[in-house]
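Some notes on the structure that comes next.
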């Protein structure tokens with residue numbers, strides 16, 4: 001660490017732009033030796049972090065991206081990408097996207113309702129505190145334990161399935177199966193809804209009561225308030241939350257894996273099966289192409305989000 | 001003038017009608033909350049019944065329980081130590097000397113959330129040196145990356161609620177060096193934030209399944225899954241146990257977090273700063 005900095009005030013950054021020109025401009029701005037040294041010293045504090053991120057995150061991702069275009073001998077090829085975008089793997093991408101769309105939009109709406117229900121309750125209200133705490137807890141709940149919880153209740157020999165059958169409602173007779181896409185959607189709702197409550201609540205709290213009062217004073221009805229004031233203000237945050245839920249559903253692996261024993265054709269599960277060695281030798285790099293595909297989908301979702309948000313921001317002006 | 005008066009007269013009954021509205025609104029609110037309560041509590045209660053009381057006792061004596069739990073706890077300790085040692089000085093440093101890159105830091109630390117862990121582990125297994133691949137500590141090192149978003153946000157929120165510049169300047173002008181400022185001024189002020197970071201990291205490591213199973217290490221969640229082939233009831237019981245322990249942890253920080261925010265009036269470490277999903281092994 002930089003222990004030589006002891007002069008009072010020098011620990012804190014000058015902050016104001018331009019107060020430290022050499023440092024602001026970096027070594028390229030003013031190519032003097034002391035300037036470059038000062039810049040290096042300033043940056044030194046984040047070098048360990050930068051190195052860790054490079055080794056633990058950046059290099060592995062580069063390895064995936066490069067591997068997607070390599071044959072097993074290291075030659076260049078498009079065959080992995082082509083295999084990843086055809087047949088069962090293309091199907092996997094579609095299933096993953098369908099799943100993610102359902103498990104981002106449904107929880108977004110229901111989560112917004114719950115959040116609004118407790119938002120209108122008074123601050124310090126017990127119910128409100130309980131819902132917030134429970135959301136924090138449930139949003140963190142996933143993976144294998146969650147899968148077993150649902151197998152015990154809604155699985156083919158689960159207790160709820162059994163009770164429903166006793167009152168004459170055969171859940172599995174209506175095409176529902178916990179081990180198929182419909183089941184995975186229900187299970188994902190269990191952590192997606194609370195996640196939505198947590199992320200949308202701060203945005204709701206940003207709606208000032210004064211705006212509503214102002215709207216009412218000007219004669220706006222409830223729906224008019226939401227159409228012209230509340231809705232447009234909330235929209236960017238709402239879209240951001242939907243994107244977050246989309247990414248969360250897309251990259252979820254453990255829950256679906258434990259629920260279906262890895263049989264459901266979702267991209268995350270397919271990538272996992274390449275590592276588990278359940279694939280023909282010589283095709284390992286298809287897994288990397290699938291991984292690259294997932295990253296691309298998330299990147300596209302983020303670009304759409306940024307564009308939507310820009311439009312929404314225009315209304316806000 | 002007349003027109004204005006006119007609209008006001010017309011408004012009056014409409015407002016009166018709206019006075020009745022909140023009652024309907026309240027009913028709707030209760031219906032939503034009731035549905036949510038059933039959806040979230042029913043599977044829990046049912047799973048408790050499914051497992052039965054006896055299964056809880058036999059979890060401990062299952063083969064592999066001790067070793068897998070031991071591995072998970074060891075990984076949690078390693079990950080937490082590295083995460084704090086790496087992220088605390090970095091975050092403080094960024095706040096003090098490079099506030100300009102705070103947005104960049106936020107962007108970088110969001111990456112482990114955006115990138116699916118299943119993709120990340122593919123790359124990690126590809127580039128990790130063989131000597132590291134043979135030990136489970138490879139997982140620990142990679143969990144540090146997964147924990148970064150939570151640790152950074154928790155510490156960042158803690159630093160924001162503290163007037164860092166004034167505090168360090170005061171400490172410096174009283175003659176304290178950088179190390180002593182860090183240990184005796186900043187650290188005590190960040191107790192809650194650090195506690196949140198630690199709890200979240202521990203919860204993450206104890207619950208992570210994706211990377212552990214794909215790197216072929218039998219951590220506790222992996223053991224629960226493998227063991228389910230022999231006894232479904234015991235696995236459900238083990239799942240519930242794992243859950244309750246994590247919940248107690250998380251509830252603890254929520255309570256602490258609210259107390260802290262009440263004390264400092266904002267800048268609290270909310271659970272969400274933290275409770276992002278993907279990395280928790282879903």
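At a glance:
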quantity: Restricting the range B:157-185 to residues that are under 13 Å from residue B:91 (Cβ atoms) and in contact with a helix residue (DSSP H, G or I) (Cβ under 6 Å, 6 or more places away or on another chain), the residue that is farthest from the other protein chains (Cβ to nearest Cβ); calculated: B:158
quantity: Failed item, numbered, when residue B:217 is tested on (1) within 21 Å of residue B:81 (Cα to Cα); (2) surrounded by fewer than 20 Cβ atoms within 10 Å (Cβ to Cβ); (3) modelled with pLDDT of 80 or more; (4) within 12 Å of chain A (Cβ to nearest Cβ); calculated: (4)
quantity: Residue A:262 being on the phi > 0 side of the Ramachandran plot, surrounded by 14 or more Cβ atoms within 10 Å (Cβ to Cβ) and either modelled with pLDDT of 85 or more or out of contact with any strand residue (DSSP E or B) (no Cβ under 7 Å at 6 or more places or on another chain) (or both); calculated: yes
quantity: Test for residue A:112: is it in contact (Cβ under 8 Å) with a residue 12 or more places away in the chain, under 19 Å from the mean Cα position of the chain (by Cα) and buried (at least 19 other Cβ atoms within 10 Å of the Cβ); calculated: yes
quantity: Helices (runs of 4 or more DSSP H) contained in the range B:44-136 and holding at least 3 residues at pLDDT 85 or above and closer than 25 Å to residue B:220 by Cβ; calculated: B:65-97, B:117-127
quantity: Residue, modelled with the lowest pLDDT, within the range A:174-232, restricted to residues that are loosely packed, with under 14 Cβ neighbours inside 10 Å and at the interface with chain B (Cβ under 9 Å from one of its Cβ atoms); calculated: A:202
quantity: Single unsatisfied condition, residue A:105 versus (1) surrounded by fewer than 22 Cβ atoms within 10 Å (Cβ to Cβ); (2) within 9 Å of chain B (Cβ to nearest Cβ); (3) over 21 Å from residue B:30 (Cα atoms); (4) under 20 Å from the mean Cα position of the chain (by Cα); calculated: (2)
quantity: Qualifying positions in the range A:151-177 - farther than 19 Å from residue B:51 by Cα and either assigned to a loop (DSSP other than H, G, I, E, B) or more than 35 Å from the chain's Cα centre (by Cα) (or both); calculated: A:165, A:166, A:167, A:168, A:169, A:170, A:175, A:176, A:177
quantity: All helices (runs of 4 or more DSSP H) inside the range A:1-88 with 2 or more residues being facing chain B (nearest Cβ under 9 Å) and at pLDDT 50 or above; calculated: A:33-44, A:47-53, A:59-67
quantity: Checklist (1) under 15 Å from residue B:80 (Cβ atoms); (2) without any contact (Cβ under 8 Å) to a residue 12 or more places away in the chain applied to residue B:155, failing item; calculated: (2)
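Let's see how each residue does on (1) touching a strand residue (DSSP E or B) at 6+ places or on another chain (Cβ under 7 Å); (2) at pLDDT below 85; (3) within 17 Å of residue B:79 (Cβ to Cβ):
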| position | (1), (2), (3) |
| --- | --- |
| B:174 | no, no, no |
| B:194 | no, no, yes |
| B:230 | no, yes, no |
| B:243 | no, yes, no |
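The values are calculated or read from the model by the stated rules, or taken from the named source; none is laboratory data. Model, not experiment: these values are computed from the prediction. So basically every Cβ, Gly included, is an ideal-geometry build from the backbone, and we count neighbours across all protein chains shown.
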